[in-house]
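Colleague: I have a structure here, written as structure tokens, and I will follow up with some questions on it.
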Amino acid sequence: MEKLTAASTLAELWRHPVGHDVLDKLLLQMGRGEGWVTNPLVSRLTIGRACRLGRGLVGEGFADTLLALVNAAPPPVTGAPGVRRAPFKEDVFYQIYPRSFRDADGDGVGDLAGILEKLPYLQELGITALWLSPIYASPMDDNGYDISDYRAVNPEFGTMEDLERLLAEVHRRGMKLIMDLVVNHTSDEHPWFREACRDRQSPYHDYYIWRDGGPDAPPNNWTSFFSGPAWNYYPEVGQWALHLFSKKQMDLNWDNPALRAEVAQIVRWWLDKGVDGFRMDVINYISKASLADGSEAVGKLMGFTGIEHYFYGPRLHEYLHELRENAFAPYGAVMVGETPGVGLEMAKQLTAEERETLDMVFNFDQLETPGHVRFDDYDYDLAYLKKYYLKWMAGMPDNCRMSIFWDNHDNPRMLGKIERGQEYRAVLAKLLAVLQLTLKGTPFLYQGQELGMTNIPFPSAAELRDVESLNLCRALEKEAGPKAAFEKVLAGTRDHARTPMQWENAPGAGFTSGTPWIWLSDDWQAGWNAADEAADPDSVLNAYKALLALRRAHPVFAYGAFAQQYASRRDLFCYTRTGEGERYAVLLNLMPGAAPRPRLPAGAACAYNSYGGPAKELRPYEAEIWRLEGPER
């Protein structure tokens, strides 16, 4: 692909994978559709002229930054015919947030023994692979995503022997286990960083990103994802160190070959223990293009200043390929990348099998509707979820793979963003389950999702535990006062997803015999717990069991072709999955009202209905799966 210049057109930029996703992300944040740049009038503008006209939106110098980003990307891959079979494409992953899953020793914090205790539950549910959020040694500033020793288990969770026992039992049951690999940054209490602060001549000093300067002026205007500047000053070495996240999470310098070799060694150490792979935290941030100032205008639009310099850096593919070749590939281990800010076209480049970088990516653009961010208080529109997945289903070729998710430890629960009340809670939870388990991709469930757990009304900021939420609340209080600040933070706090797993209708919800580390609502008393739902044939839990069994029995859901049906119906999301000698139709009513039922071919048989059986019309948020007769088409 030819290099782009300021004289290239927006149409040429749109055709470039990186250019496409940058423009698409800006449009998403503006709440605008792609027609704003693809219409004949605008698409003929040169990049230079468009940036000058949009100076108020993107700021000075954006064209240079954008062109450097685009032209540094490796040549795009276009896709290969055919589907390569792989276990991770057939698996259903289940994310466990250990602090909140099950507390076996009564100290109020979940632990490895608690996970071991609940393996029969997970196996009966139909899960084939577990993903553990970090259980490494950590000061827990960001609940374990600030690692101080990659080869040790945090005593809060147990011992290395406990982890080895868990891993052995997972494998004995025919399941897999992947761990979180957090290597964009370490804790400032990691021995590497302590040594880096002690001696500028130490080899470990170059494991991190430092810049000279006086104590009153950070090296650039980048902001942290957790509020405030992205730099700490260390008088002992007379330098600033970069932290994109909390002040205790120090960014690693991936341009240093010694650091990259150390990371590969850590991966091999865990794979030698039998771990089946890793989910790699914010892995697309590891290559920083430069440390130049970020665009203030783009920072205001995106919420973080400087992000254009590191969300898809010039050596990202090189570093990922090197890590795969030196660590993952010899073990056949799965390599999943969390890639915030990366869109469809970049995701294709990162997961194309011939590129040999990532197996799957996590994209987050489905979690908020256009023009919204996580801390906005609004009602999520399922029509956007449909639009998003139609785009990705059409755009991801067979040699690429995406993860399918909407709940995880970093976001409020999707169910609570759509339905704030109780009227449609169960049937909507089932609709989301049908969608997640029948789309083309690998599903990643999050603990409690199978119970219909939702967002909870924390009574005050004093009950929050998340460092991001607490920092934001303090910052907002200065301008808006405590009440308004808390209301803003409550809409998007990550703590919604971190409340304890609700196991039974008993004190502590069966999570702990002690005092939970985080606030526990009384939701479990109303039947929203695993024990009560297991006994209710119409429960969300039993719906998940049925759907997981259906997916496991029919590989068409892992490998089959996707085709939209009844495209003109905004109220419905309908599609077929075809392949492996089978054909299924999925019908989803996206509205809280009845909808006319689409006509299905003769001989269609209902394989699943979220209300227990079909009716003349599709009822509110009704979800169905139909087995179709006849040849594949």
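The values are calculated or read from the model by the stated rules, or taken from the named source; none is laboratory data. In this text the structure is predicted, and so the values were computed from the model without any measurement. With ideal geometry, Cβ positions are generated from the backbone for all residues, glycine too; neighbour counts draw on all protein chains shown. Side chains are part of the model used for accessible areas, which takes the heavy atoms of the whole protein and leaves out ligands, DNA and RNA. Shrake-Rupley method; radii C 1.70, N 1.55, O 1.52, S 1.80 Å.
Colleague: Within the set of pairs 6+ apart or on separate chains, which have a first residue in the range 348-359 that is farther than 12 Å from D398 by Cα, a second that is among the polar types (S, T, N, Q), and C-beta atoms under 6 Å apart?
Modeller: As it stands, the answer is L350/T357; L358/T351, since those pairs meet every condition given.
Colleague: Here is a check on your reading of the model: is V282 at pLDDT below 95 and closer than 29 Å to V58 by Cα?
Modeller: For V282, the condition - at pLDDT below 95 and closer than 29 Å to V58 by Cα - is not met.
Colleague: Could you check how many residues of the range 193-213 are in contact (Cβ under 8 Å) with a residue 24 or more places away in the chain, open to solvent by 10 Å² or more (accessible area, probe 1.4 Å) and not in a loop (DSSP other than H, G, I, E, B)?
Modeller: 9
Colleague: What helices (runs of 4 or more DSSP H) completely inside the range 1-100 contain at least 2 residues that are under 25 Å from G294 (Cβ atoms) and aliphatic (A, V, I, L, M)?
Modeller: Per the criteria, 10-15, 17-30, 47-53, 55-58, 62-72.
Colleague: If you don't mind, another one. Is one or more of the residues making up the range 245-266 surrounded by 15 or more Cβ atoms within 10 Å (Cβ to Cβ), within 24 Å of H372 (Cα to Cα) and either modelled with pLDDT under 95 or under 21 Å from the mean Cα position of the chain (by Cα) (or both)?
Modeller: So far as the range 245-266 goes, yes, one or more of its residues are surrounded by 15 or more Cβ atoms within 10 Å (Cβ to Cβ), within 24 Å of H372 (Cα to Cα) and either modelled with pLDDT under 95 or under 21 Å from the mean Cα position of the chain (by Cα) (or both).
Colleague: I115 fails exactly one of the following numbered conditions: (1) over 30 Å from V170 (Cα atoms); (2) of a type in the set (A, V, I, L, M); (3) in contact with a strand residue (DSSP E or B) (Cβ under 7 Å, 6 or more places away or on another chain); (4) open to solvent by less than 20 Å² (accessible area, probe 1.4 Å). What is the number of that condition?
Modeller: Here I115 clears every test but (1).
Colleague: Taking the options R627, R619, name whichever one is open to solvent by 60 Å² or more (accessible area, probe 1.4 Å), farther than 20 Å from A383 by Cβ and in contact with a strand residue (DSSP E or B) (Cβ under 9 Å, 6 or more places away or on another chain).
Modeller: When all the criteria are applied, what remains is R627.
Colleague: Looking only at residues that are under 21 Å from P614 (Cα atoms) and more than 27 Å from the chain's Cα centre (by Cα) in the range 572-592, which one is most open to solvent (accessible area, probe 1.4 Å)?
Modeller: P592
Colleague: Still on this structure, I have one more. Can you name the residue in the range 539-571 that is more than 23 Å from F444 (Cα to Cα) and not polar (S, T, N, Q) and is also most open to solvent (accessible area, probe 1.4 Å) among such residues?
Modeller: R570
Colleague: Now for a different question. Consider E322 carefully, then state whether it is out of contact with any Cys (no Cβ under 9 Å at 6 or more places or on another chain), open to solvent by 10 Å² or more (accessible area, probe 1.4 Å), at pLDDT below 95 and in a helix (DSSP H, G or I).
Modeller: no
Colleague: Kindly indicate whether D21 is of a type outside the set (A, V, I, L, M, F, W, C), surrounded by 20 or more Cβ atoms within 10 Å (Cβ to Cβ) and out of contact with any Asp or Glu (no Cβ under 9 Å at 6 or more places or on another chain).
Modeller: no
Colleague: May I ask you to list the residues in the range 38-62 that are open to solvent by 20 Å² or more (accessible area, probe 1.4 Å) and either aliphatic (A, V, I, L, M) or at positive phi (or both)?
Modeller: Once the filter is applied, which keeps residues that are open to solvent by 20 Å² or more (accessible area, probe 1.4 Å) and either aliphatic (A, V, I, L, M) or at positive phi (or both), the range 38-62 yields L41, V42, L45, A50, L53, L57, G61.
Colleague: Does the range 219-235 hold any residues that are at pLDDT 95 or above and either open to solvent by 40 Å² or more (accessible area, probe 1.4 Å) or under 21 Å from S290 (Cα atoms) (or both), and which are they?
Modeller: Residues satisfying the conditions are P219, N220, N221, W222, T223, S224, P229, A230, W231, N232, Y233, P235.
Colleague: Can you tell me how many residues within the range 502-521 are open to solvent by 30 Å² or more (accessible area, probe 1.4 Å), over 23 Å from D466 (Cβ atoms) and at pLDDT 95 or above?
Modeller: Going through the range 502-521 one residue at a time, the tally reaches 3.
Colleague: Spot the failing condition for V153; the list is (1) at pLDDT 95 or above; (2) at positive phi, and only one is missed.
Modeller: (2)
Colleague: Does R85 satisfy the criteria of being on the phi < 0 side of the Ramachandran plot, open to solvent by 20 Å² or more (accessible area, probe 1.4 Å) and modelled with pLDDT under 95?
Modeller: So R85 passes the test.
Colleague: Okay, moving on. Just one of L271, L259, L291 is in contact (Cβ under 8 Å) with a residue 60 or more places away in the chain and not in a loop (DSSP other than H, G, I, E, B); which is it?
Modeller: Of L271, L259, L291, the one residue that is in contact (Cβ under 8 Å) with a residue 60 or more places away in the chain and not in a loop (DSSP other than H, G, I, E, B) is L271.
Colleague: From (1) buried (at least 22 other Cβ atoms within 10 Å of the Cβ); (2) at pLDDT below 95, pick out the condition that doesn't hold for D216.
Modeller: The failed condition is (1).
Colleague: Would you call P412 under 22 Å from I115 (Cα atoms) and open to solvent by less than 20 Å² (accessible area, probe 1.4 Å)?
Modeller: For P412, the condition - under 22 Å from I115 (Cα atoms) and open to solvent by less than 20 Å² (accessible area, probe 1.4 Å) - is not met.
Colleague: Tell me, please, whether a residue that is over 28 Å from A530 (Cβ atoms), surrounded by fewer than 18 Cβ atoms within 10 Å (Cβ to Cβ) and either under 19 Å from the mean Cα position of the chain (by Cα) or of a type outside the set (K, R) (or both) can be found in the range 422-439.
Modeller: No, because not a single residue in the range 422-439 is over 28 Å from A530 (Cβ atoms), surrounded by fewer than 18 Cβ atoms within 10 Å (Cβ to Cβ) and either under 19 Å from the mean Cα position of the chain (by Cα) or of a type outside the set (K, R) (or both).
Colleague: Still on this model: Name the single residue that is farthest from K545 (Cα to Cα) among those in the range 589-633 being among the acidic types (D, E) and in contact (Cβ under 8 Å) with a residue 24 or more places away in the chain.
Modeller: For the range 589-633, the residue satisfying everything is E632.
Colleague: Can you find even one residue in the range 447-462 that is among the acidic types (D, E) and modelled with pLDDT under 95?
Modeller: No, that holds for no residue.
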